[in-house]
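Scroll down for the structure; my scribbles are underneath it.
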Amino acid sequence: MSISEREDLSAILGHFGPYGGRFVPEALIGALEELEEAHRTSQLDPSFIRELAELHRSYTGRPSIITEAKRFAEHAGGARIILKREDLNHTGSHKINNVLGQALLTKRMGKKRIIAETGAGQHGVAAATAAALMGLECVVYMGEEDTKRQSLNVARMKLLGAQVVPVTSGSRTLKDAINEAMRDWVTNVESTHYMLGTVAGPHPFPTMVRDFHKIIGDETREQVLELTGRLPDAVLACVGGGSNAIGIFHRFISDPTVRLIGLEAGGDGVETGRHAATLTGGTPGVLHGTRSYVLQDENGQTIESHSISAGLDYPGVGPEHAYLHDIGRAEYRAITDDQAMHAFALLSKTEGIIPAIETAHALAGAMQVGNELGKDAIIVINLSGRGDKDVQTAASYFGIPLD
Amino acid sequence: MTALDQLFVKVRAENRAALIAYIPAGFPSQAGCHRVIAAFIEGGVDAIEIGYPYSDPVMDGPTIQAAAVTSLANGTGAQEVLAALKIAAASVPAVVMTYWNPIERFGVAEFADAIAANGGSGVITPDLTIEESVGWIGATENSTINPIYVVAPSTKDVRLAQVTSKCGGFVYAASLMGVTGARASVSSSAADLVARVRKTTDLPIAVGLGVSTREQAKGVAAYADGVIVGSAFIKVLQDAPSEEEGLKAVTELARELAKGVREGR
């Protein structure tokens, strides 16, 4: 094959530099091509765009507001701290943006059943919600370990009419839920759409899921300009698979003065090996159908990740983040469980906003970056989710008795 | 020509299908895997696939998943896979079946070289698409081993031709849409798929997924050049009260299947 042919294939197959692509059994190629085509044509279809925009407005509650966190800012070097309130979306996180888009695509492809994986349960709840709204059958795969950590979200999904399947293979967390969802998809691909919840997986998922989330950055840029009269110095978001981060980063990539900073889950500390900081502590490899950074051993076996946050507890990361990391356009730092929980408590007590533990990693990052940049800086944080689901974990962490 | 290529010349001359048996390296133990290979050969299998156990086997059903967990717990890595390959290849044509990431981690050219150096005929890469294969195709050509791709009932004719044009040794036809594992009957989609693949290539075509009995092997041998059996062997090993009993059962099953592949036409 000539070089030019290779480049053509790369362009088609959703590569981000050396990352991305499609590493899947042939059985799934037809479905991925169908999805790619449905996504491509829908983006050019005014009726699809109108329908999604109307759902954003009248169902999700978009645009989500921004909130200036003045009391929290005192702990972040006095910088101006602006929160993009994705936690106020229907279902309590940014995940709804993606599932509404994919549910419309599911109908467009004439499929009646969706499957989804979930870690913290946020994507599972969002998927179950979209399925209920659009009359689709919904099966959610969730690691057994996570069903225990996030039992409230399991109940929510069931109330929404979804079937929740606890996954007992491997580490019983998000990566194994993805494995099980892919096995279901290979078997039922004719009738079923796999509603992947993050910007990972085989093409077109990283591109498509980003497209459904980039509304976050589009809104944020306008709102911050209106409030402050200038672009922010830094935009921060937590990164597990990386969907909320890519959503808020994307509009700012072409603004060279805006630093883009992703905060990964450092668990007990990257040096301990018990973490989920894939870009900080991983190496390039292939996992779940895409080439990106992976936590892996010398034989290419995935290493189990660790984080107090189920939603960040994933040993891979979206390929576009790998690319932004390598070219230096975005920076990635690891935040430990303890640092995240400190920020979790701090935002709750200073602003009256209980964030998701995932999001608390970005808040902890803002405390560092604020101290580095000082009081003249403007820092935007994607407040990707609310913490209601985490009350049990937080109570246990802080030693608050639950009866 | 690899030993695998020569095998298919031979079985075509005998007007029968080849029996290809699968076992993950390191299962049920490192030494146990070597004994399973001997049991395969005693039972009359024509070729052996050595599985490279992987932490995230998205194309495998519960039987092979469980075997992979055991194998990884036994410390299986590239060296153990190559050791098992070498033992198998000393007696019959042998290939490795692996998800892509272990190859990428080992080094693409280095992996192809190591397969050849240990007497292997090729590598089956079930999650490597032709679009991502540029480096791999070059490496397999340099090392003179067969790059074996898997096609599925959902693969469209145009794409079948593209995939089989990159393939060597044989084309692996997945009999059904689903993961590995023994099934009560072999899906009727297998015969249709083989017929469609035939229109795109002169390469031999082997059918895998769901074959576990002599009757099923006979049925598949009627239209395919090879019959691949994996989960059924692992299951008899898992179900046996002792390793000795398991090995006997493996040889017995291989004998039955070897009869089946000779009865199809």
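The values are calculated or read from the model by the stated rules, or taken from the named source; none is laboratory data. Note that the structure is predicted; figures quoted are calculated from it, not measured. Heads up, the Cβs are rebuilt from the backbone with ideal geometry, glycines too, and the neighbour counts pull from every protein chain shown. We work out accessible area using only protein heavy atoms, side chains counted, and drop any ligands, DNA or RNA first. Shrake-Rupley method; radii C 1.70, N 1.55, O 1.52, S 1.80 Å.
In this simple spin-label model, placing a label point 7 Å from the Cα along the Cα-to-Cβ direction at both B:Ala222 and B:Lys199 gives a separation of 2.1 nm.
Charges at C-beta only: +1 for Lys and Arg, -1 for Asp and Glu. How large is the resulting dipole of the protein assembly as shown about its Cα centre, in Debye rounded to 20? Each step should come with its number before you reach the end.
Details: 59 positive and 77 negative charges, 257 e Å.
I would put it at about 1240 debye.
Would you count, across region B:115-258, every pair of lysines whose alpha carbons are under 28 angstrom apart, provided the pair is eight or more residues apart or spans two chains? Don't skip to the end; give the middle numbers.
Numbers: B:Lys156/B:Lys166; B:Lys156/B:Lys199; B:Lys156/B:Lys218; B:Lys166/B:Lys199; B:Lys199/B:Lys218; B:Lys218/B:Lys235; B:Lys218/B:Lys248; B:Lys235/B:Lys248.
Value for region B:115-258: 8.
Can you work out D for region A:259-403 in µm² s⁻¹ from Stokes-Einstein, where Rh is the Kirkwood radius over C-alpha pairs, the temperature is 37 °C and the viscosity is 0.692 mPa s? Could the numbers behind the result be given before it?
Details: Rh = 15.9 Å.
Translational D for this selection: 207 µm²/s.
A:His193 sits with roughly 0 Å² accessible to a 1.4 Å probe, with DNA, RNA and ligands left out of the calculation. For A:Gly385, the amide hydrogen comes within under 5 Å of the amide hydrogens of A:Asp87, A:Ala356, A:Thr359, counting only partners 5 or more places away or on other chains and with H modelled in the peptide plane.
Of the peptides B:153-159, A:316-322, A:147-153, the ranking by mean beta-carbon count within 10 Å, highest at the top, reads A:316-322, A:147-153, B:153-159.
If R0 is 25 Å, what FRET efficiency do you get for B:Lys248 and B:Ser185 from their C-beta distance, rounded to 0.05? Don't skip to the end; give the middle numbers.
Working: r = 27 Å, r/R0 = 1.07.
Once the sixth-power term is evaluated, E becomes 0.40.
Bridging of A:Lys349 to lysines at a Cα separation below 17 Å is possible for A:Lys70, once same-chain residues fewer than 8 apart are set aside. Accessible area of A:Phe344 (1.4 Å probe, protein heavy atoms only, ligands and nucleic acids ignored): about 10 Å².
Put simply, the Cα atoms of chain A extend 54, 54, 50 Å along their principal axes, the longest span coming first. Secondary-structure-derived ellipticity at 222 nm for chain A, considering helices only, amounts to -13000 deg cm²/dmol, per-run term -39500 (n - 2.57) for DSSP H runs with n ≥ 4. Under 1.5 on a/c is rounded, so check that first for region A:94-133, then, if it is not, pick prolate when a/b is larger than b/c and oblate when it is not; a ≥ b ≥ c are the square roots of the alpha carbon gyration tensor eigenvalues. Because a/c hits 1.5 or more and a/b exceeds b/c, region A:94-133 counts as prolate. Each Lys or Arg adds one and each Asp or Glu takes one away; over the other residues whose Cβ falls under 13 Å from the Cβ of A:Phe72, this sums to +1. Shape class of region A:37-176 from the Cα gyration tensor (axes a ≥ b ≥ c, square roots of the eigenvalues): oblate, since a/c reaches 1.5 or more and a/b does not exceed b/c.
Sorted from largest to smallest, which semi-axis lengths in Å does the alpha carbon gyration tensor of region B:90-234 give for its equivalent ellipsoid, taking the root of 5 times each eigenvalue?
On the way: eigenvalues 127, 61, 36 Å².
Ellipsoid semi-axes (Å, largest first): 25, 18, 13.
Of all DSSP beta bridges confined to chain A, the antiparallel ones make up roughly 30%. Accessible area per residue for region A:7-83, computed on protein heavy atoms with a 1.4 Å probe, is 45 Å².
Annotation: peptides B:125-133, A:121-129, ranked by per-residue average of other Cβ atoms within 10 Å with the highest first, follow the order A:121-129, B:125-133.
By how many nm would the segment from A:Asp255 to A:Leu231 lengthen if fully extended, with 0.36 nm per residue of separation less the alpha-carbon distance?
Working: separation 24, 0.36 × 24 = 8.64 nm, distance 0.84 nm.
So the extension gain works out to 7.8 nm.
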